[in-house]
Amino acid sequence: MHPRSLALAAVCGAALLAPAALAPASAQPSTPQEPDTAAPLVREDGVSATALLAAVRGCPQISRGRYREDDGARASVPVCGRRGAVYWKADLDVDCDGRPGRHCNRRTDPLFQNMTAYQQADGRHLSAERLPYVVVPAASRIWRPARSGVRGGTVAALVHRGTVRYAVVGDTGPADLIGEASYAAARALGIDPDPVRGGTSDEVTYILFPGTTARPIQSRRAAVTAGRAAAEKFARTR
């Protein structure tokens with residue numbers, strides 16, 4: 001995760017003011033890209049957005065403070081917790097980090113990093129293009145995700161405009177920012193996944209289910225199966 005708003009503005013501004021200062025694409029370090037294969041389709045029907053949003057009405061705050069959604073913004077987003085879930089409501093910035101592909105690489109994303117905080121069983125970094133994942137803030141005095149049972153592979157439900165999609169915790173970001181998910185997660189929610197111009201300022205609800213993990217972490221099917229079961233249980237017990 002990157003503090004994107006100001007950083008991207010600086011990058012784009014520099015590109016407009018001094019294009020000659022930028023190295024040609026051929027001179028930039030290259031990283032092998034994966035073929036442009038579509039992420040596997042998995043049916044994600046199950047608990048409704050209405051039921052999940054009803055279950056997270058109100059906020060028993062578990063964070064010691066609040067997070068900013070973007071650089072320079074007011075800290076306004078608390079992390080909330082109820083039995084069986086940790087959640088917050090924020091915007092969605094697009095994370096393209098991880099294994100490079102056609103849509104996520106150094107050319108498409110000026111802030112691209114070819115790594116994620118969590119890796120697959122084979123040691124490779126996750127693919128933001130193929131795997132819907134959520135970015136959580138790095139541990140800080142505001143909140144320590146691990147103490148709430150949130151770790152790499154923890155399953156999540158994302159709710160946006162009546163749509164529910166499942167994901168995993170796949171990356172970490174700055175300790176004071178919140179509201180980011182992978183290219184594949186944005187696309188699954190119907191949000192523009194472009195790492196520079198995409199994302200949304202509309203509210204997205206992030207619901208994480210501590211203790212429920214997708215295995216292997218890179219399996220979208222495992223995330224959907226485990227996430228749907230956890231979401232249905234959580235919605236029933238509210």
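Below are the figures for this structure:
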{"read-out": "In sequence order, calculated HN-Hα J values of region 133-138 (Karplus, 6.51, -1.76, 1.60; Hz; x Gly/Pro)", "value": "9, 9, 9, 10, x, 5"}
{"read-out": "Trypsin sites (Lys or Arg not before Pro) restricted to DSSP loop in region 122-199 with at most 11 other C-beta within 10 Å", "value": "R141, R197"}
{"read-out": "Top positive-direction residue, dipole computed over region 61-180 with Cβ charges, set L111, V169, S148", "value": "S148"}
{"read-out": "Accessible surface, region 88-238, averaged per residue in Å² (probe 1.4 Å)", "value": "40"}
{"read-out": "Theoretical FRET efficiency, 1/(1+(r/R0)^6), r = Cβ-Cβ of R102 and R151, R0 45 Å, to 0.05", "value": "0.90"}
{"read-out": "Cα-projected label distance for R161 with S140, points at 7 Å along beta-carbon direction, nm", "value": "3.0"}
{"read-out": "Student exercise, region 51-177 dipole from Lys, Arg, Asp, Glu Cβ charges, in Debye to nearest 20", "value": "480"}
{"read-out": "Rough spin-label spacing in nm, given labels placed 7 Å along Cα→Cβ, for D45 and D122", "value": "3.3"}
{"read-out": "Net length gained if the chain between D176 and Q113 were fully extended (0.36 nm per residue, minus Cα distance)", "value": "20.7 nm"}
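The values are calculated or read from the model by the stated rules, or taken from the named source; none is laboratory data. In this text, all values refer to a predicted model and were calculated from it rather than measured experimentally. Methodologically, a virtual Cβ is constructed for each residue, glycine included, from the backbone with ideal geometry; neighbour enumeration extends over all protein chains shown. Calculation scope for accessible area: heavy atoms of the full protein, side chains included, ligands and nucleic acids excluded. Shrake-Rupley method; radii C 1.70, N 1.55, O 1.52, S 1.80 Å.
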